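This report concerns only the one structure given below.
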There are 2 protein chains.
Amino acid sequence: MGMADATTARNDRAGIVEAALRILDTHGLGDLTMRRLAAELDVRASALYWHFDSKQVLLAALADRIVRAAEVADDASPAEVALALRDALLAHRDGAEVVLSTQALALGEDAPRRRLAEALARTLPQDDADRGAAILLPFVLGHASLVQQRLQAAELGVVPGDGADAADADFRHGVAVILAGLGAG
Amino acid sequence: MGMADATTARNDRAGIVEAALRILDTHGLGDLTMRRLAAELDVRASALYWHFDSKQVLLAALADRIVRAAEVADDASPAEVALALRDALLAHRDGAEVVLSTQALALGEDAPRRRLAEALARTLPQDDADRGAAILLPFVLGHASLVQQRLQAAELGVVPGDGADAADADFRHGVAVILAGLGAG
DNA sequence: ACCTGAACACCGTTCAAGT
DNA sequence: ACCTGAACACCGTTCAAGT
């Protein structure tokens, strides 16, 4: 005992979140059901409720996982932090929607705002930095959300789909405009 | 014939959307199901599919309805347009989520961005105005979305809930910062 | 500690048929 | 033109019981 062998391998929260991320990437949020997730883990849906109180808290853990991947140097500029966060959201199908929809619920989830505020605080008074983060964060979430929806609509052929390059330039411009407005270098 | 009398009154798209809005306000997006909406109209769920191809297009029509209520003078400033749009989103429970999640799908739904661009174009070259609207819109949607989630989480007692006044000041500050960054008066 | 089995109260959607 | 009835293939969640 101690080490789990292959036949007694059981699930933990991290592993379940990882499986959820796989389903998100391959099939999207609409197909991320408790039953499907359970099947991915060779288990019944009811087993998941031993690990998570509800689907909502599972999704909050998933949002955590997505956002945590936004790695950034300790001395990163505000623009770099915003870019990294945006990239983390766009790295997974429906990533922005998952994070946006659990932002208020996810208890460990003030990290993105804090990282933005930290970066801003290096050139701005703490107060201005906090308010600046409160502008940057909704912009990043809103922008990523709209971009991702457009991509998806384009895949379905609903809409032209003028490419991700335009969206990237757009995003960088937005961050620059907000930083200029804040008087941050 | 011509006029419908009480006993033969049947539903049209506008009336269905109005009923959907009532359910949204009183019970929230989670309870806005086709069956419940049908019950509100004294009809079976399948009847709704004569009027709308799917729940998604019904929600797109609902988003349209919510956004259309953002009335604004023809010569309104960009800040006034942004405020009016924000107010329209917050006027209905889960309004921001409904609009954000159907923004790309809703076919008649470029109106908010166009109104923002128009207002900006009075003090900015058309090109800058268009790019400015592409910054303001995600900020408005993202901010309203986060505010509404926090309100809801506060109602459930999950989180302190520091009031809507702070959120309003926050929003106005954000709009001012973005406009300053754009060099718009 | 972690999972199964079975059930409860639902979903969105389709489609023949009614009026 | 607009709706019913019935069905199909699902949902999230609970809970006793197993190991």
(request) First select every other residue whose beta carbon is under 11 angstrom from the beta carbon of residue B:118; then total the charges, Lys and Arg +1, Asp and Glu -1. (result) +1
(request) Please work out the Kirkwood hydrodynamic radius for the range A:66-182, using every pair of different C-alpha atoms, and report it in angstroms with one decimal place. (result) 14.7 Å
(request) First select every other residue whose beta carbon is under 14 angstrom from the beta carbon of residue B:32; then total the charges, Lys and Arg +1, Asp and Glu -1. (result) 0
(request) Enter the accessible area of residue B:55 (Å², nearest 10), with the probe set to 1.4 Å and all protein chains included. (result) 80 Å²
(request) Take the Cα coordinates of the protein assembly as shown, assign each an equal point scatterer, and use the Debye formula without solvent to give log10 I(q)/I(0) at q = 0.06, 0.11, 0.12, 0.13 Å⁻¹. (result) -0.25, -0.82, -0.97, -1.12
(request) Please calculate how many Å² of accessible area chain A carries per residue, with a 1.4 Å probe and no DNA, RNA or ligand atoms counted. (result) 52 Å²
(request) With all protein chains present, calculate the accessible area of residue B:18 using a 1.4 Å probe and round the result to the nearest 10 Å². (result) 80 Å²
(request) Calculate the mean, over all residues of peptide B:120-132, of how many other protein chain Cβ atoms lie within 10 angstrom of the residue's Cβ. (result) 1
(message) Keeping all protein chains in the complex and leaving out DNA, RNA and ligands, what accessible area do you get for residue A:168 with a 1.4 Å probe, in Å² to the nearest 10?
(response) 50 Å²
(request) Work out the charge dipole of the range B:20-161 with +1 on the Cβ of Lys and Arg and -1 on the Cβ of Asp and Glu about the Cα centre, then indicate which of B:82, B:34, B:146 is farthest towards its positive end. (result) B:34
(request) Return the average number of partner chain Cβ atoms within 10 angstrom of each residue Cβ along peptide B:175-183. (result) 6
(request) Mind jotting down the distance between the C-alpha centroids of the range B:65-90 and the range B:8-52, whole Å? (result) 26 Å
(request) Take B:113, B:86 and sort them by solvent-accessible surface of the protein heavy atoms, 1.4 Å probe, largest at the top. (result) B:113, B:86
(request) Mind listing the label-point distances from residue A:183 to the same position on all other copies, shortest first, one decimal in nm, points 7 Å along Cα→Cβ? (result) 2.0
(message) With a 1.4 Å probe and all protein chains kept in place, how do A:145, A:54 rank by accessible area, largest first?
(response) A:54, A:145
(request) Take residue B:122, project a point 7 Å from its Cα along the Cβ direction, then tell me which residues of the range B:58-73 have their backbone nitrogen under 13 Å from it. (result) B:72-73
(request) Report the calculated FRET efficiency for residue B:10 and residue A:12 (r = Cβ-Cβ distance, R0 = 41 Å), to the nearest 0.05. (result) 0.15
(request) Please give the calculated 222 nm ellipticity per residue for the protein assembly as shown, where each DSSP H segment of at least 4 residues contributes -39500 (n - 2.57) and the sum is spread over every residue; nearest 500 deg cm²/dmol? (result) -21500 deg cm²/dmol
(request) Rounded to the nearest 0.05, what FRET efficiency do residue A:114 and residue B:50 give with R0 = 56 Å and r taken as the Cβ-Cβ distance? Could you check? (result) 0.65
(request) Determine the sum of side-chain charges near residue A:94: Lys and Arg each +1, Asp and Glu each -1, restricted to other residues whose C-beta is under 11 angstrom from that of residue A:94. (result) -2
(message) Using 0.36 nm times the number of residues separating residue A:172 and residue A:69, minus their current alpha carbon distance, what extension gain do you get?
(response) 35.1 nm
(request) From other protein chains only, count the Cβ atoms within 10 Å of every residue's Cβ in A:94-101, then give the mean. (result) 2
(message) With a 1.4 Å probe, what is the total accessible area buried between chains A and B, in Å² rounded to the nearest 100?
(response) 2500 Å²
(message) Under a Cβ-only charge scheme (Lys and Arg +1, Asp and Glu -1), can you give me the dipole magnitude of the protein assembly as shown about the Cα centre, in debye to the nearest 20?
(response) 800 debye
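The values are calculated or read from the model by the stated rules, or taken from the named source; none is laboratory data. All of these numbers come straight from a predicted model, not from anything done at the bench. All Cβ positions, even for glycine, are placed from backbone atoms using ideal geometry, and neighbour counts span all protein chains on display. Side chains are part of the model used for accessible areas, which takes the heavy atoms of the whole protein and leaves out ligands, DNA and RNA. Shrake-Rupley method; radii C 1.70, N 1.55, O 1.52, S 1.80 Å.
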